[in-house]
1. What does the extension gain come out to for Arg373 and Thr404, with contour length at 0.36 nm per residue minus their alpha carbon separation?
2. Please report, as a whole percent, how much of the solvent-accessible surface of the chain comes from carbon and sulfur atoms (probe radius 1.4 Å).
3. Pull up all non-local amide H partners of Met148: gap of 5 or more, or a different chain, and H-to-H distance under 5 Å with H placed in the peptide plane.
4. Using the Cα gyration tensor of region 52-92, with a ≥ b ≥ c the square roots of its eigenvalues, what is the shape: rounded (a/c below 1.5), prolate (a/b larger than b/c) or oblate (neither)?
5. Could you order the peptides 445-457, 132-144 from most to least packed, using the average number of other C-beta atoms within 10 Å per residue?
6. Computed from the mean reciprocal separation of all distinct C-alpha pairs, what Kirkwood hydrodynamic radius does region 12-102 have, in Å?
7. In terms of solvent-accessible area of protein heavy atoms at a 1.4 angstrom probe, what is the ranking of Phe420, Phe332, Phe23, highest value first?
8. Pull out a ≥ b ≥ c, the square roots of the eigenvalues of the alpha-carbon gyration tensor of region 145-197, then state rounded if a/c is under 1.5, prolate if not and a/b is larger than b/c, and oblate in the remaining case.
Amino acid sequence: MWGGRFEGGPSAVMAEINASIPFDKRLWRQDIRGSIAHVAMLGRQGIIETGAAEAISAGLQQVEAEYTAGGVPVDLALEDIHMTVETRLKEIVGPDAGRLHTARSRNDQVATDFKLWTRDAIDGHLAAIRTLAGVLAARALEHHATVMPGFTHLQVAQPVTLGHHLLAYVEMLKRDFGRFRDARARLNQSPLGAAALAGTGFPTDRAFTAQALGFDRPTANSLDSVSDRDFAIEYLTSATQCALHLSRLAEEIILWASQPFGWVKLPDQWSTGSSIMPQKKNPDAAELVRGHAGRILGLMTSLMVTMKGLPLAYSKDMQDDKEPVFQAHDLFELSLAAMAGMMETIRFVPERMRAAAASGFSTATDLADWLVREGGVPFREAHHITGRAVKAAEEKGVMLDGLTLEELVAVDARIDARVFDVLSVEASVSSRTSLGGTAPARVQAAAEAAIREVPLWA
């Protein structure tokens, strides 16, 4: 390929460090797609003869059929997927294969291939995120009135419903979906035709190839076209953010499946056993989702560090841009699929959740709010009164609704029998009717809306 300038070939180590075909073979579909668009443009513009363009296009389609059937051969001497395809093309169509590379460079070629691959990957993730969000919305509707404790600092805070809790993750996934969608829109400009870094003197039609490949438009600056990897970093940041959300949910499943909690029963297909303790049923799928988040974060960091000091335009460091993205893609795809499968089949234990919600004086805020609403007490004073009531209940060994009216009146004379309407966990959640609140009626409506809307995310 570039031997004319060199008298000797590369050393074995140089050949190995320089070759990217072991990993960039994953780009073969995009590489062939880009080449078919490019050669069509060359023929259309009269840059190469129509007959040669047609023969090259047919040859590329034959290569595509061969790779579909048997995979991509790996030859380190050919360096990368681009030369691997072109070499096979030459075996099929002869010397005319050399005309394919007219008016382009491997620099704009790989940028185009990588963008096409990333765009395809995002489309797959968008569908998987919708699937998971739909599963969570359906389970939220099922459990719109199932009472559980809400936490701050992992301490019981106020009662909420399980449906409300699950819908919080639907909101996170909606933002994740939006991040990927926005990243896709930003990357959808075609670098093809920027050549090595300065453009080309051939009368190319970059708008034609951009349209043929489904891009919105060609990129505007040839230097930026071949050196831009913002799209890869933005892909990784979007994947990292979503993986962090999956990790939070996975951590909760791990906690909830433990015996002290006992809030969920793990399905067998998403659990493993122990080699020595026959009673164990381990939440390994959730733990691996949690672990994958850290790896995806590390892969994002590695690409950022690679790109942080590179001058324009292309440097060979940028060959290391693909492996972090490919690895993150595989981990993220697995995480989404595993989480959807787990959440669809996991069995919740409402009675354990309800018992936990009743602990920790979780309705204390309801007592304070009642004092404000019914007794006209300033909130700070109501907070103080409620604290005394909690202390009295703690000393008696009961929850707040276990105190007698006389005991509550002894704490503050403005308390009357109506207070018992708000001291149960069911009364507490039912009272949270504000927009976005945990009242079962609110949660039911929100879950039904999510079930309708998630398939329409676009």
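1. 9.1 nm
2. Exposed carbon and sulfur together represent 54 percent of the surface.
3. The list, which skips near neighbours in sequence, is Val160, Thr161, Leu162.
4. oblate
5. Result, highest mean Cβ count within 10 Å first: 132-144, 445-457.
6. Kirkwood hydrodynamic radius for region 12-102: 13.4 Å.
7. The ranking, largest first, comes out as Phe420, Phe23, Phe332.
8. prolate
The values are calculated or read from the model by the stated rules, or taken from the named source; none is laboratory data. Bear in mind the structure is a predicted one, so any value in this text is a computation, not a measurement. For neighbour counting, all protein chains shown are included, and Cβ atoms are generated from backbone atoms with ideal geometry for every residue, glycine included. Keep in mind that these areas ignore ligands, DNA and RNA; they rest on the heavy atoms of the full protein, side chains included. Shrake-Rupley method; radii C 1.70, N 1.55, O 1.52, S 1.80 Å.
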